[in-house]
1. Calculate the FRET efficiency for Leu342 and Asp198 from the Cβ-Cβ distance with a Förster distance of 45 Å, rounded to the nearest 0.05.
2. Determine, for Arg395, Arg141, the number of other Cβ atoms within 10 Å of each Cβ, and report the residues in order from fewest to most.
3. Could you please tell me the mean projected area of the C-alpha convex hull for the range 136-275, averaged over all directions and given in square nanometres to one decimal?
4. In what sequence, highest mean first, do 172-180, 184-192 appear when ranked by Cβ atoms within 10 angstrom?
5. In the range 150-192, if every C-alpha pair distance is counted and binned at 10 Å from zero, what percent goes to each bin?
6. What does the range 44-176 give for Rg and for Dmax, in Å, if only its C-alpha atoms count?
7. 7 Å from Cα along Cα→Cβ at both Gln54 and Asn421: what's the point-to-point distance in nm?
8. Compute the length gained on full extension between Gln129 and Glu33: take 0.36 nm times their separation in residues and subtract their Cα-Cα distance, giving the result in nm to one decimal.
Amino acid sequence: MFENLTERLNRTLKNIRGQGRLTENNIADTLKEVRLAFLEADVAVSVVDAFIEQVKQKAIGSEVANELNPGQAFIKVVHQELVNLLGTEQVSLSWNTQPPAVILMAGLQGSGKTTTTAKLAAFLKDREQKKIMVVSTDIYRPAAIEQLKQLAETLHIGYFPSDTTQKPVDIARAAWEAAKKEQYDALIVDTAGRLHIDEMMMDEIKALHQVLSPIETLFVVDSMTGQDAAKTAKVFHDALPLTGIVLTKTDGDSRGGAALSLRYITGKPIKFVGVGEKLDALEPFYPDRMASRILDMGDLLSFIEEIERKVDKTKTDKMTKKLMGKGKGKSFNFEDFREQMLQINTLGGLSSLADKLPGMGGAMAKIKTGTALASSEKMMKKNVAIINSMTQKERRFPQLIAGSRKVRIAKGSGVEVQDVNKLLRQFTQMQKMFKKFSSAGNMQKMMRGLGGMAGMGGMPMDF
């Protein structure tokens with residue numbers, strides 16, 4: 001998300017970063033480029049104009065003029081105004097009600113509402129230890145009801161059954177009674193969407209809102225619809241007392257216009273963003289962190305939190321000791337190498353990691369428009385397949401792999417012998433690198449720098 005905007009802003013702001021003195025001319029030229037960057041990102045014109053005006057006022061005021069490094073001070077102003085535009089601070093769900101807390105999901109058809117209902121349930125269950133029930137009132141799409149049922153079974157959460165012969169209001173009332181009786185912390189209600197806003201749709205969701213009195217009414221919107229997302233959100237906001245927004249499909253949106261427009265136009269906070277297809281791919285929205293990512297300053301807090309949540313600490317500690325030459329099985333082998341690649345995949349792949357690292361946003365924009373990233377991730381999957389085709393003994397003692405063994409491994413993994421040779425060469429290089437770090441006494445320092453994820457930083461991009 002924001003790759004195109006990040007690259008454009010980096011080019012623009014680079015020219016002013018080193019300025020020893022800011023003048024009306026260089027400020028005006030820079031702001032003109034910033035404005036074009038925002039418009040290209042499909043940010044609503046009213047939002048762009050308001051943002052530029054705020055930056056301009058502060059840039060020509062004492063906040064920048066009195067600084068020793070005006071160029072850097074200007075970047076600081078841009079960052080702070082981005083934070084203000086995105087919502088200043090992270091806003092969590094409210095639990096200030098008698099359980100079950102009702103969360104009503106609203107939005108157009110195709111926005112990812114049903115999947116987001118399941119993702120939110122998974123988030124609340126896994127990260128906040130809440131007992132969750134879900135229900136679908138979408139009587140117009142039997143497939144949506146069945147989809148939510150299957151997702152609930154996958155997540156092992158409560159599911160209240162419904163069918164197309166019932167009325168949405170009756171379903172909702174019965175689900176709330178069941179959730180209360182069975183002592184659930186929250187009931188998440190998936191509602192019907194339409195391909196466009198219509199009076200019948202609005203009347204139905206208003207009736208649901210009146211019956212349920214939800215503590216949270218979340219508008220689910222596809223980020224790739226750009227500034228149209230903000231317009232649709234405004235219509236829903238005028239009809240319903242929205243409490244927040246969930247922005248979906250951000251992993252496929254390189255512009256980011258919706259995120260930059262929604263808060264300003266609706267006045268409602270973005271509470272969550274969908275960052276992938278998996279059921280755990282839902283993240284709380286932090287305006288300050290997102291502003292830093294837009295300006296290519298990285299998002300190390302989210303990066304560290306993700307590692308702590310998803311990486312197996314026991315395996316990591318064991319790997320660290322092995323790389324330092326301690327404990328049983330001192331040498332780094334193919335089982336360890338495969339574990340590294342699987343850990344990276346657990347964290348969302350190379351693109352997800354790089355997006356959160358300072359200075360990588362602009363680079364990722366170029367990589368994603370080409371074939372380098374896709375090629376690297378494809379090669380990673382190929383290497384896992386090659387290692388899976390090895391015997392346990394071959395993984396632990398790679399020096400055994402020669403001649404007919406290479407042919408068998410290549411055939412078993414569906415690759416050429418030259419692919420096996422390439423992996424063996426890369427593996428040998430990594431062994432040497434780890435040995436060098438260990439002998440120099442720098443392994444622990446490297447591990448800490450990587451947030452505890454063994455070997456990730458040392459993995460060559462050319463998998």
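1. Details: r = 47 Å, r/R0 = 1.04.
The calculated FRET efficiency here is 0.45.
2. Details: Arg395 18, Arg141 15.
Fewest-to-most Cβ neighbours within 10 Å comes out as Arg141, Arg395.
3. On the way: hull surface 34.5 nm².
Averaged projected hull area, Cα only: 8.6 nm².
4. Details: 172-180: 19.3, 184-192: 25.0.
Averaged packing, sorted descending, gives the order 184-192, 172-180.
5. 25, 56, 18
6. 22.6, 70
7. Placing both labels 7 Å beyond Cα along the Cβ direction yields 5.9 nm.
8. Values: separation 96, 0.36 × 96 = 34.56 nm, distance 4.63 nm.
Result for the pair: 29.9 nm of gain on full extension.
Quick note: the coordinates plus some simple rules give every number you see, no bench work behind them. None of these values were measured; they are calculated from a predicted model. Glycine also receives a Cβ, built like all others from the backbone with ideal geometry; neighbour counts cover every protein chain displayed.
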